[in-house]
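Visitor: One structure coming up, written as structure tokens, with questions to follow.
The values are calculated or read from the model by the stated rules, or taken from the named source; none is laboratory data. If you're wondering where the values come from, they're calculated on a predicted model, not measured in any experiment. Neighbour counts run over all protein chains shown; Cβ positions are idealised from the backbone, glycine included. Side chains are part of the model used for accessible areas, which takes the heavy atoms of the whole protein and leaves out ligands, DNA and RNA. Shrake-Rupley method; radii C 1.70, N 1.55, O 1.52, S 1.80 Å.
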Amino acid sequence: MIEIRLRHRQGNFLIDLDLQVEAAGITGLIGPSGAGKSTLFQCLAGHRKPAAGRITINGHVLFDSASRINLHPADRRVGVVFQEGLLFPHMSVRRNLGYGAPKGRDRFAAEVVDALDLGHLLDARPQRLSGGERQRAAIARALIAEPDVLLLDEPVSALDPGLKARTMDLISRVQARTGTPMIYISHAPEEIRALCSRVITLHRGTRTTATVESAPRPGLTRPQPAAQGLGYA
Amino acid sequence: MLSPMETEALMLSLRSSAAAVLWSLPLAVLAGWGLGRFRFPGHGVLNAVVHMPLVLPPVVLGYLLLVALGREGFIGAPLHALFGIRIAFTGTAVVIACAVVGFPLMVRAVRQSAEAIDPRYEQAARSLGASDLKVFLTVTLPLMAPGILAGITLAFARAVGEFGATITLAGNIPSRTQTLPLALYTVTQSPGGEDAAMRFCILSLALAGLALMASEAVSRRMQAEARA
């Protein structure tokens, strides 16, 4: 279970969240621009310290302003994938994937590489990869570190429609294969609809609040594979 | 062929400039990174102090160093009294003068490259379980490498051409502190020294050209590796 109580002022807006979501499958996080999606992403990952609140994942306290706990991102077991992938440009794909890999987990790493179809790219430099390949490698790098939760920040928004569908399909498959809970941030409802089994919606106002739908909304279905919902075969 | 005076001045210049760059490099990298990536109380003051040698006349700089490091200086006196170490008018003084004038150039280049790094690379590395030290060594430092290389080149070139601070702090002692510019200055002060002066000029030009070519070659290699 992911529990988030958060109060954080952002300019003239107050982000005031109190939500609980199951740490399983793919959870969507959606909301209009400026609603605080990125702030929530950063607070969960430990890249930004909220003014007050408490964040726990499966009972593991990441942040608690009352008891002054604010874990370093390295100790949070929260993986991140940014919109542009951001593979380390001075390392090969293989070294990127091994950066956070726990020792003795080569089989798991090989499975992720296989699931994301990266075997033929391991010795390439990130600059040589296409946008979709870079994004798959970034997802693999984060998954191989075996996080408790993986945050994906608009991971397909920079890809063209065909590549977007294929990458979303692979995200759905690799989530099912590894079982790593994911939070998928997007401003595109169709992506959320195609991928996620529950949705956190941020409502923007002078005070940003959130609602969680633990069951799919009417019209929200989770196709298997996800690409079917996008017309990708 | 080079005369003994030319060889000595050339070797002393190369040794002193290389030593100056090597000794000041770690501090310059830390200062450039710190100034480029963090805002802290005293940031502006530190920035001004680091860049002071760029705007101060080199002779002023040399004199201030002499006041600090001379036998009666507030650093030089205890060093001499406690350890018998003398800095002023020695080879060490040449290295210090070269290091001080080259330092801000190195810091500026490193700072610019540090500011250009997308902080999310470091955030990604931390979220992969890396400590801050590991992130710095394995992500930040390699991403700053082009700036560090540019800084090394600039500081080395500046050190090879250093005159005012060196002659004030280290004097102009043949075989000990007489670098290329000082040797050139010496022969220009001697009657009939025009030919020797021209030879020193050509030597200096050749050295500068070689340094630029080496820097260009390393830079190209790094770019090729990044593309590979």
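Visitor: Would you calculate, for chain B, the mean residue ellipticity at 222 nm contributed by helices, counting each DSSP H stretch of 4 or more residues as -39,500 (n - 2.57) and dividing by all residues, to the nearest 500?
Guide: Value at 222 nm, helices only, nearest 500: -25500 deg cm²/dmol.
Visitor: Expressed as a whole percent, how much of the Cα-Cα distance distribution for segment A:73-195 exceeds 22 Å?
Guide: The calculated P(r) of segment A:73-195 puts 26 percent of pairs beyond 22 Å.
Visitor: Is segment A:30-105 best put as rounded, prolate or oblate by its Cα gyration tensor, with a ≥ b ≥ c the root eigenvalues, rounded for a/c under 1.5, and otherwise prolate when a/b is larger than b/c, oblate when not?
Guide: Oblate, since a/c reaches 1.5 and b/c is not below a/b.
Visitor: What does DSSP give for the protein assembly as shown in terms of the percent of beta bridges that are antiparallel, rounded to the nearest 5?
Guide: Percent antiparallel among DSSP bridges in the protein assembly as shown is about 60.
Visitor: Would you mind giving the total buried accessible surface between chains B and A, with a 1.4 Å probe and ligands, DNA and RNA left out, rounded to the nearest 100 Å²?
Guide: 2000
Visitor: Set the Förster radius R0 to 22 Å, insert the Cβ-Cβ distance between residue A:103 and residue A:1 as r into 1/(1 + (r/R0)^6), and round the FRET efficiency to 0.05.
Guide: Computed FRET efficiency for residue A:103 and residue A:1 comes out at 0.15.
Visitor: Take residue B:220 and residue A:204, extend 7 Å from each Cα along the Cα→Cβ direction, and tell me the distance between the two endpoints in nm.
Guide: Label-label distance for residue B:220 and residue A:204, simple model: 5.0 nm.
Visitor: In whole angstrom, how long is each semi-axis of the equivalent ellipsoid of chain A, when you take the square root of 5 times every eigenvalue of its Cα gyration tensor and sort them from largest down?
Guide: Equivalent ellipsoid of chain A: 28, 21, 16 Å, largest first.
Visitor: For chain B, take the longest principal axis of its alpha carbons; what is the angle in degrees between that and the long axis of helix B:141-160, to the nearest 10 within 0 to 90?
Guide: 10
Visitor: Treating the angle as unsigned and between 0 and 90°, give the value, to the nearest 10°, between the Cα long axis of helix B:43-55 and the longest Cα principal axis of chain B.
Guide: Tilt relative to chain B: about 30 degrees.
Visitor: Further, regarding this structure: Which whole-Hz ³J(HN,Hα) couplings does segment B:131-136 yield from phi under the Karplus relation 6.51 cos²θ - 1.76 cosθ + 1.60, θ = phi - 60°, glycine and proline marked x?
Guide: 6, 4, 5, 5, 4, 5
Visitor: How large is the helix-only mean residue ellipticity at 222 nm for chain A, computed as the sum of -39500 (n - 2.57) over DSSP H runs with n ≥ 4, divided by its residue count, in deg cm²/dmol to the nearest 500?
Guide: One gets -8500 deg cm²/dmol as the mean residue ellipticity at 222 nm.
Visitor: Let me ask you something else. Label-point separation (nm) for residue A:72 and residue A:187, each offset 7 Å from Cα along Cα-to-Cβ?
Guide: In this crude label model, residue A:72 to residue A:187 measures out at 3.5 nm.
Visitor: To the nearest 10 degrees, how steeply does helix A:161-178 sit against the main Cα axis of chain A, on a 0 to 90 scale?
Guide: Around 80 degrees separate the two axes.
Visitor: Further, regarding this structure: With the other protein chains left in place, how much accessible area per residue, in square angstrom, belongs to chain A at a 1.4 angstrom probe?
Guide: 43
Visitor: Sequence gap at least 6, Cα distance under 8 Å: using those rules, report the relative contact order of segment B:4-227 to the nearest whole percent.
Guide: Answer for segment B:4-227 is 30 percent.
Visitor: Also, quick follow-up: Take the alpha carbon gyration tensor of segment B:4-227, find the square roots of its eigenvalues, order them as a ≥ b ≥ c, and report rounded if a/c is under 1.5; if not, report prolate when a/b exceeds b/c, else oblate.
Guide: oblate
Visitor: With the solvent-accessible surface defined on protein heavy atoms using a 1.4 Å probe, which residues belonging to segment B:127-171 display a reduction of at least 50 Å² in accessible area in the multichain context relative to the isolated chain?
Guide: SASA drop of 50 Å² or more in segment B:127-171: B:127, B:128.
Visitor: Kindly work out what percent of the DSSP beta bridges joining two residues of chain A are antiparallel, to the nearest 5.
Guide: Around 60 percent antiparallel, to the nearest 5.
Visitor: Could you give the spread of the C-alpha atoms of the protein assembly as shown along their three principal axes, from largest to smallest, in whole angstroms?
Guide: If we take the Cα atoms of the protein assembly as shown, the spans are 98, 49, 40 Å.
Visitor: Trypsin sites (Lys or Arg not before Pro) within segment B:1-55: which are DSSP loop residues with at most 13 other Cβ atoms inside 10 Å?
Guide: For trypsin sites (Lys or Arg not before Pro) across segment B:1-55 that sit outside H, G, I, E and B with at most 13 neighbouring Cβ atoms in 10 Å, the list reads B:39.
Visitor: Excluding residues on the same chain fewer than 8 positions from residue A:103, give the lysines whose Cα lies under 27 Å from its Cα.
Guide: Here the lysines satisfying the reach criterion relative to residue A:103 are B:134.
Visitor: Something else about it: Ignoring chymotrypsin sites (Phe, Trp or Tyr not before Pro) that are buried or in helix or strand per DSSP, and keeping those with at most 14 other beta carbon atoms within 10 Å, what is the longest stretch of chain B between them?
Guide: The longest uninterrupted stretch comes out as B:75-228.
Visitor: Which distance in nm do the two modelled labels at residue B:145 and residue B:43 give, with both placed 7 Å along the Cα-to-Cβ direction?
Guide: Going by the 7 Å Cα→Cβ label model, 2.9 nm.
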